[in-house]
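Heads up: the structure comes next, in structure tokens.
The values are calculated or read from the model by the stated rules, or taken from the named source; none is laboratory data. Everything numeric here is computed off the predicted structure, so don't read it as measured data. With ideal geometry, Cβ positions are generated from the backbone for all residues, glycine too; neighbour counts draw on all protein chains shown. Ligands, DNA and RNA are excluded from the accessible area calculation, which covers all protein heavy atoms including side chains. Shrake-Rupley method; radii C 1.70, N 1.55, O 1.52, S 1.80 Å.
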Amino acid sequence: MTWALKRFSLTKNVPLAISRGTTSAVVRLELSVECDGFCGRGETGGFETGHRCYGTETVEQELRNVLPRLNRLDSLLPQRMDPLLQTLSPPARCAVDLARWDWWGQNLGQPLWRLWGLDGQREVATSVTLGLGAVPAVLERLKRWWKQLPATRIKLKLGSPEGLDHDRSLVEAVASAVEARRQSSGGPVELQVDANGGWSLEQARSMLEPLARFGVVLLEQPLAPDADPDRDLKGFAALKPLCPMPLVADESCWDLGDLLRLAPEVDGVNLKLLKTGGLSSALLMARVATELGLDLMVGCYSDSALLNGAAAQLLPLMRWPDLDSHLNIVDDPFGGLPLAGDRLRPSSAPGLGIHPLERQ
């Protein structure tokens, strides 16, 4: 059994601005394991949520430190690996977890969704993201998305440093464009809003009426995540009775404990594999959320088709897929994630079903 770690770079076609900053390119890590003629791959990298931060260099060093222990393993059985994984940060754990699942699926000749008893033929429209910016620039980005794919689900980033007036202007302009698209296409087009924790409770309350008036169907993480779980929960509890659309937690929800804590005060949670520590925890959280009556989103950061392909294994359980980052990358080294229009489904190939691309 041989584990290896290497860096790769990703460049966005269009930089993405959210309430915490702008990203145009990232460095990512590929962790691979080769055994018995199969190669399993996992992706990870640094990210921050406002109250927690993991640098790529730190995650890389963490994985390099654990490589000798991984290479001494005589089995990829999850139960035997779990004690080692529990010592790692979520993004480091994610890389190991994805690589071992990819290897297991290939070894068994099956995609993960089939091994888990899910309906991998179900296609679900992914949202596409509009970052913060001047109104004309945001509308131009929307036009570019519509040239690229049908884009029936639009996610608008708010929480602008320019204040609520700018946020309201963005919502009005994008909602108008969405309505015009709806009328011209004759089909459904929906508008979601993600503030990435950019509002205070008072600001969020004041935004509920204009969001509802302009037909917003979902509000994601309006309040900044709080490191104190009780204070974090109180924010959602104060907002939920007033919120006329589904209220979804993202940055506040990392693990099963967070999901159980937040469940009474939100309508859904966003499962991102770098937060959950991989597919093992995300699948458990998805199952529990379904039992609790919560709706689910599966999201991404600046992820390639490898990490989004892993997340896509959960698509049969998701109401709101948000896996568009690989569609905005000009140098993605991976392929294999099926897309029909704007509708995603998990690969039917064994494991994650994602493969390295041959570059000219």
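Once the other residues with Cβ under 11 Å from the Cβ of Trp113 are scored (Lys, Arg +1; Asp, Glu -1), what is the net sum?
On the way: positive: Arg114, Arg122, Arg345; negative: Asp119.
Every neighbour counted, the sum reads +2.
Under 1.5 on a/c is rounded, so check that first for the stretch 106-259, then, if it is not, pick prolate when a/b is larger than b/c and oblate when it is not; a ≥ b ≥ c are the square roots of the alpha carbon gyration tensor eigenvalues. Present the calculation step by step, with values, prior to reporting the outcome.
On the way: a/c = 2.06, a/b = 1.09, b/c = 1.88.
Because a/c hits 1.5 or more and a/b fails to exceed b/c, the stretch 106-259 counts as oblate.
With label points built 7 Å along Cα→Cβ from the Cα atoms of Cys35 and Lys234, find their separation and express it in nm.
4.8 nm
Where only protein heavy atoms count, and the probe is 1.4 Å, what is the accessible area per residue for the stretch 213-360 in Å²?
34 Å²
For the stretch 177-194, what does the Karplus curve 6.51 cos²θ - 1.76 cosθ + 1.60, with θ = phi - 60°, yield as ³J(HN,Hα) per residue in whole Hz, taken in order and with x for Gly and Pro?
These are the phi-based 3J(HN,Hα) values: 5, 5, 5, 5, 5, 4, 5, 6, 8, x, x, x, 9, 10, 10, 10, 10, 10 Hz.
Distances longer than 19 Å among the Cα atoms of the stretch 43-104: what percent of all pairs is that? Don't jump to the answer; show the numbers that get you there.
On the way: 550 of 1891 pairs.
Every Cα pair in the stretch 43-104 considered, those over 19 Å come to 29 percent.
Computed FRET efficiency, Cβ-Cβ of Lys6 and Ala137, R0 45 Å: what is it to the nearest 0.05? Could the numbers behind the result be given before it?
Working: r = 35 Å, r/R0 = 0.79.
Efficiency computed from Cβ-Cβ geometry: 0.80.
Across the stretch 312-322, in residue order, what do the Karplus-derived ³J(HN,Hα) couplings come to in whole Hz, using 6.51 cos²θ - 1.76 cosθ + 1.60 with θ = phi - 60° and x for Gly and Pro?
5, 4, 9, 3, x, 9, 9, 8, 10, x, 9
In the chain, with Lys and Arg counted as +1 and Asp and Glu as -1 at Cβ, which of these residues, Gly131, Asn13, Thr56, has the Cα nearest the positive end of the dipole, that is, farthest along it?
Checked the options; the winner is Asn13.
Hey, what did the stretch 199-337 get for relative contact order, percent, Cα under 8 Å, at least 6 apart?
17 percent
From the phi angles alone, apply the Karplus equation (6.51, -1.76, 1.60; θ = phi - 60°) to the stretch 340-353 and give each ³J(HN,Hα) in whole Hz, x where the residue is Gly or Pro.
Along the stretch 340-353, the couplings run 10, x, 10, 9, 9, 8, x, 5, 8, 6, x, x, 6, x Hz.
Which trypsin sites (Lys or Arg not before Pro) in the stretch 64-108 pass both tests, a DSSP loop state and at most 16 other beta-carbon atoms within 10 Å?
On the way: sites: Arg64, Arg69, Arg72, Arg80, Arg93, Arg100; in loops: Arg72.
When the trypsin sites (Lys or Arg not before Pro) of the stretch 64-108 are filtered for loop state and at most 16 Cβ neighbours within 10 Å, Arg72 remain.
Please quote Rg/Rh for the stretch 240-346 to two decimal places, taking the Kirkwood radius as Rh and restricting both calculations to Cα atoms. Walk me through the numbers before you get to the answer.
Working: Rg = 14.0 Å, Rh = 14.2 Å.
Across the stretch 240-346, the Cα-based Rg/Rh ratio is 0.99.
With runs of 4+ DSSP H residues as the only contributors, calculate the mean residue ellipticity of the chain at 222 nm using -39,500 (n - 2.57) per run, divided by the residue total and rounded to the nearest 500. Before the final figure, lay out the partial values.
On the way: 12 runs with 139 residues, N = 360.
Helix contribution divided over all residues of the chain: -12000 deg cm²/dmol.
Using a 1.4 angstrom probe on heavy atoms only, work out the carbon and sulfur share of the accessible area of the chain in %. Walk me through the numbers before you get to the answer.
Working: 7090 of 14330 Å².
Here it works out to 49 percent.
Hey, can you find the accessible area per residue of the stretch 1-97 for me, probe 1.4 Å, expressed in square angstrom? Please report the intermediate quantities before stating the final value.
Numbers: 4600 Å² over 97 residues.
On a per-residue basis, the stretch 1-97 sits at 47 Å².
Given a 1.4 angstrom probe, what's the average accessible area per residue across the stretch 99-138, in square angstrom? Don't skip to the end; give the middle numbers.
Numbers: 1460 Å² over 40 residues.
Counting only protein heavy atoms, the per-residue value for the stretch 99-138 is 37 Å².
Under the rule of at least 5 residues apart or a separate chain, name every residue whose amide H is placed under 5 Å from the amide H of Leu130.
Amide H neighbours of Leu130: Lys155, Leu156, Lys157.
Rounded to the nearest Å, what's the spacing between the alpha carbon centres of the stretch 316-337 and the stretch 225-248? Just the number, please.
Cα centres, the stretch 316-337 to the stretch 225-248: 28 Å.
Once fully extended, how much extra length lies between Arg20 and Ala227, figured as 0.36 nm per residue of separation less the alpha-carbon to alpha-carbon distance?
Values: separation 207, 0.36 × 207 = 74.52 nm, distance 1.67 nm.
Between Arg20 and Ala227, full extension yields an extra 72.9 nm.
Please pull out the direction-averaged projected area of the stretch 132-197, using the convex hull of its alpha-carbon atoms, in nm² to one decimal place.
Working: hull surface 16.7 nm².
For the Cα atoms of the stretch 132-197, the hull's average projected area reads 4.2 nm².
Could you tell me how many cubic angstrom of Cα convex hull volume the chain has per residue?
Numbers: hull volume 47.0 nm³, N = 360.
Residue-normalised Cα hull volume stands at 130 Å³.
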